[in-house]
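Scroll down for the structure; my scribbles are underneath it.
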Amino acid sequence: MNKIVAEGLKRMVSPAEVARFVTEQKQKGKTVGFVPTMGALHEGHLSLFKRASESSDCVIASVFVNPTQFGDKDDYINYPKNIDRDAALAERAGVDVLFIPEESAIYPNGSDMTVQVHTKTDVLCGKSRPGHFDGVATVLTKLFNIVKPDTVYFGMKDAQQVAIVSSLIRTFHIPVKLVACPIVRESDGLAKSSRNVRLSANERKEAPEIYKGLQAGLRAAELGERNFDRLISTVKAYYAKHLILGKIDYVDVLNYPELKRSGASLDRHFIIACAVRYQSARLIDNITADTEKLLSSREAD
Ligand code: PAF
(Lines give C-alpha, C1' and ligand atoms only; values in the text may rest on other atoms or scores of the structure.)
Protein backbone atom coordinates (compact mmCIF):
# COMPACT_ATOMS: atom_id res chain seq x y z
CA MET A 1 0.00 0.00 0.00
CA ASN A 2 1.14 3.49 -0.90
CA LYS A 3 -1.68 5.61 0.57
CA ILE A 4 -2.04 9.22 -0.54
CA VAL A 5 -1.24 11.71 2.20
CA ALA A 6 -4.56 12.61 3.86
CA GLU A 7 -5.48 16.08 2.66
CA GLY A 8 -9.19 15.94 3.33
CA LEU A 9 -11.94 15.12 0.86
CA LYS A 10 -11.79 16.81 -2.54
CA ARG A 11 -15.11 17.45 -4.27
CA MET A 12 -14.97 17.30 -8.06
CA VAL A 13 -17.75 17.93 -10.55
CA SER A 14 -15.89 17.73 -13.83
CA PRO A 15 -14.99 14.39 -15.46
CA ALA A 16 -11.79 15.99 -16.80
CA GLU A 17 -10.70 16.97 -13.28
CA VAL A 18 -11.27 13.42 -12.01
CA ALA A 19 -9.41 11.95 -14.99
CA ARG A 20 -6.48 14.31 -14.34
CA PHE A 21 -6.39 13.39 -10.66
CA VAL A 22 -6.39 9.66 -11.45
CA THR A 23 -3.61 10.04 -14.04
CA GLU A 24 -1.49 11.87 -11.44
CA GLN A 25 -2.11 9.16 -8.83
CA LYS A 26 -1.22 6.39 -11.26
CA GLN A 27 1.97 8.25 -12.29
CA LYS A 28 2.92 8.18 -8.60
CA GLY A 29 2.38 4.42 -8.59
CA LYS A 30 -0.83 4.55 -6.54
CA THR A 31 -3.78 2.21 -6.97
CA VAL A 32 -7.26 3.68 -7.41
CA GLY A 33 -10.40 2.20 -5.88
CA PHE A 34 -13.84 3.37 -6.98
CA VAL A 35 -17.25 3.13 -5.30
CA PRO A 36 -20.14 4.40 -7.46
CA THR A 37 -23.22 5.50 -5.47
CA MET A 38 -26.38 7.52 -5.84
CA GLY A 39 -25.80 9.26 -2.50
CA ALA A 40 -28.09 9.07 0.55
CA LEU A 41 -25.16 7.21 2.06
CA HIS A 42 -25.72 4.64 4.79
CA GLU A 43 -23.57 2.10 6.58
CA GLY A 44 -23.70 -0.26 3.60
CA HIS A 45 -21.90 2.38 1.51
CA LEU A 46 -19.52 3.21 4.34
CA SER A 47 -18.47 -0.43 4.54
CA LEU A 48 -17.63 -0.29 0.81
CA PHE A 49 -15.58 2.88 1.34
CA LYS A 50 -13.79 1.24 4.25
CA ARG A 51 -13.04 -1.87 2.23
CA ALA A 52 -11.82 0.29 -0.66
CA SER A 53 -9.54 2.34 1.56
CA GLU A 54 -8.07 -0.82 3.10
CA SER A 55 -7.06 -2.21 -0.27
CA SER A 56 -6.56 0.80 -2.59
CA ASP A 57 -4.13 3.70 -2.11
CA CYS A 58 -6.69 6.25 -3.20
CA VAL A 59 -10.49 6.06 -3.06
CA ILE A 60 -12.91 7.84 -5.36
CA ALA A 61 -16.66 7.69 -4.73
CA SER A 62 -19.27 9.11 -7.06
CA VAL A 63 -22.64 10.52 -6.10
CA PHE A 64 -24.87 10.61 -9.14
CA VAL A 65 -28.60 9.92 -9.13
CA ASN A 66 -28.76 8.27 -12.52
CA PRO A 67 -32.01 9.17 -14.30
CA THR A 68 -31.82 6.32 -16.82
CA GLN A 69 -32.18 3.58 -14.23
CA PHE A 70 -35.48 4.85 -12.81
CA GLY A 71 -38.71 3.61 -14.34
CA ASP A 72 -40.79 5.85 -12.09
CA LYS A 73 -40.19 9.61 -12.54
CA ASP A 74 -41.48 10.37 -9.01
CA ASP A 75 -39.04 7.90 -7.48
CA TYR A 76 -36.23 9.70 -9.36
CA ILE A 77 -37.41 13.19 -8.37
CA ASN A 78 -37.94 12.20 -4.74
CA TYR A 79 -34.66 10.30 -4.39
CA PRO A 80 -33.09 11.67 -1.15
CA LYS A 81 -30.25 14.16 -1.70
CA ASN A 82 -27.97 15.69 0.94
CA ILE A 83 -24.54 16.19 -0.51
CA ASP A 84 -23.00 17.91 2.54
CA ARG A 85 -24.00 15.02 4.79
CA ASP A 86 -22.75 12.52 2.19
CA ALA A 87 -19.44 14.37 1.88
CA ALA A 88 -18.91 14.39 5.67
CA LEU A 89 -19.63 10.64 5.89
CA ALA A 90 -17.46 9.81 2.89
CA GLU A 91 -14.53 11.81 4.29
CA ARG A 92 -14.76 10.03 7.64
CA ALA A 93 -14.84 6.65 5.86
CA GLY A 94 -11.58 7.32 4.01
CA VAL A 95 -12.77 8.63 0.63
CA ASP A 96 -10.25 10.96 -1.03
CA VAL A 97 -12.38 12.30 -3.90
CA LEU A 98 -16.14 12.71 -4.14
CA PHE A 99 -17.15 12.94 -7.79
CA ILE A 100 -20.47 14.77 -8.08
CA PRO A 101 -21.12 15.23 -11.80
CA GLU A 102 -23.99 17.12 -13.39
CA GLU A 103 -26.36 15.12 -15.57
CA SER A 104 -25.10 17.01 -18.66
CA ALA A 105 -21.54 15.85 -17.95
CA ILE A 106 -22.53 12.19 -17.82
CA TYR A 107 -25.07 12.36 -20.65
CA PRO A 108 -23.53 15.05 -22.94
CA ASN A 109 -25.59 13.79 -25.89
CA GLY A 110 -28.67 12.74 -23.95
CA SER A 111 -29.42 9.05 -24.42
CA ASP A 112 -28.09 8.78 -27.96
CA MET A 113 -26.21 5.59 -27.08
CA THR A 114 -26.96 3.12 -24.32
CA VAL A 115 -25.83 -0.29 -23.16
CA GLN A 116 -28.46 -3.01 -23.36
CA VAL A 117 -28.30 -5.96 -21.02
CA HIS A 118 -29.83 -9.08 -22.57
CA THR A 119 -29.34 -11.67 -19.85
CA LYS A 120 -29.94 -11.89 -16.09
CA THR A 121 -32.49 -9.06 -16.22
CA ASP A 122 -35.79 -10.95 -16.44
CA VAL A 123 -35.61 -12.30 -12.87
CA LEU A 124 -35.58 -10.89 -9.31
CA CYS A 125 -35.76 -7.07 -9.31
CA GLY A 126 -35.15 -6.83 -13.05
CA LYS A 127 -38.51 -8.46 -13.72
CA SER A 128 -40.48 -5.55 -12.28
CA ARG A 129 -38.00 -2.88 -13.46
CA PRO A 130 -37.72 -3.13 -17.25
CA GLY A 131 -34.77 -1.10 -18.52
CA HIS A 132 -33.33 -0.59 -15.03
CA PHE A 133 -30.16 -2.58 -15.64
CA ASP A 134 -29.67 -0.98 -19.08
CA GLY A 135 -29.51 2.33 -17.20
CA VAL A 136 -27.12 0.89 -14.59
CA ALA A 137 -24.84 -0.65 -17.24
CA THR A 138 -24.88 2.56 -19.29
CA VAL A 139 -23.94 4.84 -16.41
CA LEU A 140 -21.30 2.46 -15.07
CA THR A 141 -19.65 2.18 -18.49
CA LYS A 142 -19.40 5.98 -18.52
CA LEU A 143 -18.16 6.20 -14.92
CA PHE A 144 -15.59 3.42 -15.42
CA ASN A 145 -14.30 5.23 -18.53
CA ILE A 146 -13.99 8.52 -16.66
CA VAL A 147 -12.43 7.20 -13.46
CA LYS A 148 -10.42 4.29 -14.90
CA PRO A 149 -10.10 2.66 -11.48
CA ASP A 150 -8.01 -0.41 -10.75
CA THR A 151 -10.75 -1.85 -8.53
CA VAL A 152 -14.48 -1.24 -8.11
CA TYR A 153 -16.43 -2.18 -4.99
CA PHE A 154 -20.09 -3.22 -4.97
CA GLY A 155 -22.33 -4.51 -2.20
CA MET A 156 -23.88 -7.97 -2.39
CA LYS A 157 -27.17 -6.51 -1.15
CA ASP A 158 -27.90 -5.98 -4.83
CA ALA A 159 -26.54 -9.34 -5.93
CA GLN A 160 -28.26 -9.07 -9.32
CA GLN A 161 -26.41 -5.81 -9.96
CA VAL A 162 -23.11 -7.48 -8.97
CA ALA A 163 -23.75 -10.36 -11.41
CA ILE A 164 -24.62 -7.94 -14.22
CA VAL A 165 -21.68 -5.59 -13.56
CA SER A 166 -19.38 -8.58 -13.56
CA SER A 167 -20.72 -9.56 -17.03
CA LEU A 168 -20.45 -5.92 -18.20
CA ILE A 169 -16.76 -5.85 -17.25
CA ARG A 170 -16.08 -9.15 -19.00
CA THR A 171 -18.19 -8.37 -22.07
CA PHE A 172 -16.55 -5.01 -22.79
CA HIS A 173 -13.05 -5.99 -21.60
CA ILE A 174 -13.07 -3.18 -19.06
CA PRO A 175 -9.71 -3.34 -17.28
CA VAL A 176 -11.02 -3.25 -13.73
CA LYS A 177 -11.27 -5.76 -10.90
CA LEU A 178 -14.65 -6.14 -9.19
CA VAL A 179 -14.76 -6.74 -5.44
CA ALA A 180 -18.15 -7.88 -4.11
CA CYS A 181 -18.56 -6.93 -0.45
CA PRO A 182 -20.85 -8.69 2.05
CA ILE A 183 -24.27 -7.34 3.05
CA VAL A 184 -24.15 -5.15 6.16
CA ARG A 185 -26.91 -5.92 8.66
CA GLU A 186 -28.50 -4.34 11.72
CA SER A 187 -27.98 -6.31 14.95
CA ASP A 188 -31.40 -7.97 14.41
CA GLY A 189 -30.42 -9.14 10.91
CA LEU A 190 -32.26 -6.55 8.80
CA ALA A 191 -30.11 -5.62 5.80
CA LYS A 192 -29.07 -1.95 6.04
CA SER A 193 -30.76 0.26 3.49
CA SER A 194 -31.53 3.96 3.10
CA ARG A 195 -35.16 2.85 2.77
CA ASN A 196 -35.32 1.39 6.31
CA VAL A 197 -36.04 4.84 7.76
CA ARG A 198 -39.33 4.89 5.82
CA LEU A 199 -40.67 1.91 7.81
CA SER A 200 -43.27 2.54 10.51
CA ALA A 201 -42.41 1.32 14.03
CA ASN A 202 -44.45 -1.87 13.53
CA GLU A 203 -43.01 -2.51 10.08
CA ARG A 204 -39.49 -2.07 11.46
CA LYS A 205 -40.29 -4.62 14.19
CA GLU A 206 -41.42 -7.14 11.58
CA ALA A 207 -38.74 -6.51 8.94
CA PRO A 208 -35.99 -8.76 10.47
CA GLU A 209 -38.27 -11.69 9.56
CA ILE A 210 -37.24 -11.09 5.94
CA TYR A 211 -33.71 -12.34 6.63
CA LYS A 212 -34.99 -15.13 8.88
CA GLY A 213 -37.12 -16.41 5.99
CA LEU A 214 -34.05 -16.56 3.75
CA GLN A 215 -32.19 -18.38 6.51
CA ALA A 216 -35.02 -20.92 6.67
CA GLY A 217 -34.34 -21.59 2.96
CA LEU A 218 -30.61 -21.90 3.64
CA ARG A 219 -31.26 -24.35 6.48
CA ALA A 220 -33.32 -26.51 4.13
CA ALA A 221 -30.39 -26.47 1.66
CA GLU A 222 -28.04 -27.40 4.54
CA LEU A 223 -30.29 -30.35 5.27
CA GLY A 224 -29.87 -31.49 1.68
CA GLU A 225 -32.76 -29.86 -0.22
CA ARG A 226 -31.62 -28.99 -3.76
CA ASN A 227 -34.93 -28.50 -5.56
CA PHE A 228 -35.56 -24.88 -6.58
CA ASP A 229 -39.32 -24.98 -6.12
CA ARG A 230 -39.20 -26.68 -2.74
CA LEU A 231 -36.61 -24.20 -1.45
CA ILE A 232 -38.82 -21.32 -2.62
CA SER A 233 -41.82 -22.94 -0.90
CA THR A 234 -39.85 -23.20 2.36
CA VAL A 235 -39.13 -19.47 2.36
CA LYS A 236 -42.69 -18.58 1.35
CA ALA A 237 -44.10 -20.81 4.09
CA TYR A 238 -41.96 -18.96 6.64
CA TYR A 239 -43.20 -15.60 5.35
CA ALA A 240 -46.81 -16.77 5.35
CA LYS A 241 -46.44 -17.29 9.11
CA HIS A 242 -44.26 -14.30 10.01
CA LEU A 243 -45.01 -11.42 7.65
CA ILE A 244 -48.29 -9.63 8.34
CA LEU A 245 -47.58 -6.07 7.22
CA GLY A 246 -45.06 -6.89 4.49
CA LYS A 247 -46.28 -8.24 1.15
CA ILE A 248 -44.02 -10.53 -0.84
CA ASP A 249 -43.00 -9.09 -4.17
CA TYR A 250 -40.92 -12.14 -5.05
CA VAL A 251 -39.03 -15.02 -3.49
CA ASP A 252 -36.68 -16.84 -5.81
CA VAL A 253 -33.85 -19.35 -5.73
CA LEU A 254 -31.47 -19.42 -8.70
CA ASN A 255 -27.98 -20.48 -9.63
CA TYR A 256 -25.57 -17.60 -8.99
CA PRO A 257 -24.16 -15.64 -10.74
CA GLU A 258 -25.95 -17.06 -13.82
CA LEU A 259 -29.33 -16.08 -12.32
CA LYS A 260 -31.13 -18.99 -13.92
CA ARG A 261 -32.10 -22.57 -13.29
CA SER A 262 -30.43 -25.52 -14.92
CA GLY A 263 -32.98 -28.29 -14.51
CA ALA A 264 -34.89 -28.74 -11.27
CA SER A 265 -31.93 -28.73 -8.87
CA LEU A 266 -29.32 -26.22 -7.76
CA ASP A 267 -25.85 -26.14 -9.23
CA ARG A 268 -23.01 -25.46 -6.84
CA HIS A 269 -23.44 -21.71 -6.24
CA PHE A 270 -26.89 -20.31 -5.62
CA ILE A 271 -28.85 -17.35 -4.35
CA ILE A 272 -31.99 -17.18 -2.23
CA ALA A 273 -33.46 -13.73 -2.80
CA CYS A 274 -36.60 -11.79 -2.01
CA ALA A 275 -38.28 -8.40 -2.18
CA VAL A 276 -40.94 -7.39 0.34
CA ARG A 277 -43.19 -4.36 0.07
CA TYR A 278 -44.16 -2.23 3.04
CA GLN A 279 -46.34 0.89 2.89
CA SER A 280 -43.51 3.27 1.92
CA ALA A 281 -40.55 1.02 1.27
CA ARG A 282 -39.72 -2.02 -0.80
CA LEU A 283 -36.93 -4.02 0.85
CA ILE A 284 -34.65 -6.53 -0.85
CA ASP A 285 -32.38 -9.12 0.71
CA ASN A 286 -30.54 -12.27 -0.27
CA ILE A 287 -28.19 -15.03 0.79
CA THR A 288 -25.63 -16.50 -1.61
CA ALA A 289 -24.11 -19.87 -0.81
CA ASP A 290 -22.04 -22.74 -2.11
CA THR A 291 -23.52 -26.24 -1.83
CA GLU A 292 -20.07 -27.78 -1.36
CA LYS A 293 -19.42 -25.58 1.65
CA LEU A 294 -22.87 -26.41 3.04
CA LEU A 295 -22.10 -30.10 2.74
CA SER A 296 -18.69 -29.78 4.35
CA SER A 297 -20.12 -27.73 7.23
CA ARG A 298 -22.74 -30.47 7.77
CA GLU A 299 -20.06 -33.14 7.74
CA ALA A 300 -18.05 -31.15 10.28
CA ASP A 301 -21.01 -30.98 12.71
O1 PAF B 1 -26.31 0.74 -6.72
C2 PAF B 1 -26.43 1.94 -7.04
O3 PAF B 1 -26.44 2.83 -6.20
C4 PAF B 1 -26.52 2.31 -8.51
O5 PAF B 1 -27.20 1.34 -9.23
C6 PAF B 1 -25.15 2.61 -9.15
C7 PAF B 1 -24.26 1.38 -9.15
C8 PAF B 1 -24.45 3.73 -8.41
C9 PAF B 1 -25.33 3.04 -10.61
O10 PAF B 1 -26.07 4.21 -10.70
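The values are calculated or read from the model by the stated rules, or taken from the named source; none is laboratory data. Predicted, not measured: the structure shown is a model, and the values here were computed from it. Using ideal geometry, Cβ is built from the backbone for each residue, glycine included, and neighbour counts are taken over all protein chains shown. Calculation scope for accessible area: heavy atoms of the full protein, side chains included, ligands and nucleic acids excluded. Shrake-Rupley method; radii C 1.70, N 1.55, O 1.52, S 1.80 Å.
Within the range 32-105, which GluC sites (Glu not before Pro) sit in a loop by DSSP and count at most 12 neighbouring Cβ atoms inside 10 Å?
GLU102
Filter the trypsin sites (Lys or Arg not before Pro) in the range 227-301 to those in DSSP coil with at most 14 other Cβ atoms within 10 Å of their Cβ, and list the result.
Numbers: sites: ARG230, LYS236, LYS241, LYS247, LYS260, ARG261, ARG268, ARG277, ARG282, LYS293, ARG298; in loops: ARG261, ARG268.
Passing both the DSSP loop test and the Cβ count: ARG268.
Separation of the range 33-109 and the range 197-246 by C-alpha centroid, Å?
When both Cα centres are located, 31 Å separates them.
With just the Cα atoms of the range 170-301, tell me how far they stretch along each of the three principal axes, in Å, largest first.
40, 40, 29
Taking the 0 to 90 degree range and rounding to the nearest ten, how far is the long axis of helix 291-300 tilted relative to the main principal axis of the chain, both from C-alpha atoms?
The helix 291-300 is inclined about 60 degrees to the chain.
Within straight cross-link reach of LYS28, meaning Cα distance under 15 Å, which aspartates and glutamates are found once same-chain residues fewer than 8 apart are removed?
Correct list for LYS28: ASP57, ASP150.
Give, as a single signed number, the net charge of other residues whose beta carbon lies under 15 Å from the beta carbon of GLY94, with Lys and Arg counted +1 and Asp and Glu -1. Don't skip to the end; give the middle numbers.
Details: positive: LYS3, LYS10, LYS30, LYS50, ARG51, ARG92; negative: GLU7, GLU43, GLU54, ASP57, ASP86, GLU91, ASP96.
Summing Lys/Arg as +1 and Asp/Glu as -1 gives -1.
Which of ALA264, ILE210, ALA221 sits farthest toward the positive end of the charge dipole of the chain, with +1 on the Cβ of Lys and Arg and -1 on the Cβ of Asp and Glu?
Result: ALA221, furthest along the dipole toward the positive end.
Hey, can you find the accessible area per residue of the chain for me, probe 1.4 Å, expressed in square angstrom? All intermediate terms of the calculation are to be shown ahead of the outcome.
Working: 14830 Å² over 301 residues.
Here the residues of the chain average 49 Å² of exposed surface.
Where the accessible area of the range 143-301 is counted over protein heavy atoms with a 1.4 Å probe, how much of it, in %, is carbon and sulfur? Intermediate values should be presented prior to the final figure.
Numbers: 3950 of 7730 Å².
Ligands and nucleic acids excluded, carbon and sulfur reach 51 percent.
So how tilted is helix 132-147 from the main axis of the chain? Cα-based, degrees 0 to 90, rounded to 10.
Tilt of helix 132-147: around 30 degrees.
Counting DSSP beta bridges in the chain, what percent are antiparallel, to the nearest 5?
Numbers: 20 of 39 bridges.
Here the antiparallel bridges make up roughly 50 percent for the chain.
Roughly what % of Cα-Cα distances in the chain sit above 30 Å, to the whole percent?
Details: 15887 of 45150 pairs.
So the portion of pairs separated by more than 30 Å is 35 percent.
For the range 1-155, count the residues as N, evaluate 2.2 N^0.38 Å, and divide the Cα radius of gyration by that value, please. Each step should come with its number before you reach the end.
Numbers: Rg = 15.7 Å, N = 155, 2.2 N^0.38 = 15.0 Å.
The reported ratio for this selection is 1.05.
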